[in-house]
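Here the structure comes first, spelled out in structure tokens, and everything after it is commentary.
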Amino acid sequence: MVSPASAVPSFPPDATPRAIRAALIGAEVGDFDREYRRALAEAAESLDLSGVLDVLRRWQRVAWSTQDDPEAHRRMLEHAARLTAGHDIATEPSPQTRARLGL
């Protein structure tokens, strides 16, 4: 028999809401706050934490990306914003990228 305490998911230290939020940059912090609060409110009504866990998993990946190379992450966000606004960004063919990276 599974006790109620063992059915509660535990998080690695870098997957807590506080750790995820601390790793984010710029507008991501506000986006995380809004999405996390919305998921918490929905969980309070539905008594289902799956939406909260989904939010934390998704934002944990963003936090990992940010921590791996903050400047590359900022460039990616800038490129995404430019593409979303309909602007072009400089690209290179994948064989050229592979050669540049030695792959």
From the list [x] 3, 13, 23, 25, 18, 11, 5, 1; [y] 2, 11, 14, 14, 13, 12, 11, 9, 7, 5, 2, 0; [z] 2, 10, 15, 16, 16, 12, 10, 8, 4, 3, 2, 0, can you say which value of P(r) over Cα pairs in 5 Å bins from 0, in percent was derived from the structure given? [z]
Using a Förster radius of 30 Å, what is the FRET efficiency between residue 53 and residue 96 based on their Cβ-Cβ separation? Nearest 0.05, please. 0.15
Where nothing but the Cβ of Lys and Arg (+1) and of Asp and Glu (-1) is charged, how large is the charge dipole of segment 11-101 around its Cα centre, in debye to the nearest 20? 160 debye
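Where a number appears in this text, it was derived from the coordinates with a stated rule and is not lab data. Just so it is clear, the model here is predicted, and its values are computed rather than measured. Counting neighbours? That spans all protein chains shown, and the Cβs are built from the backbone with ideal geometry, glycine included.
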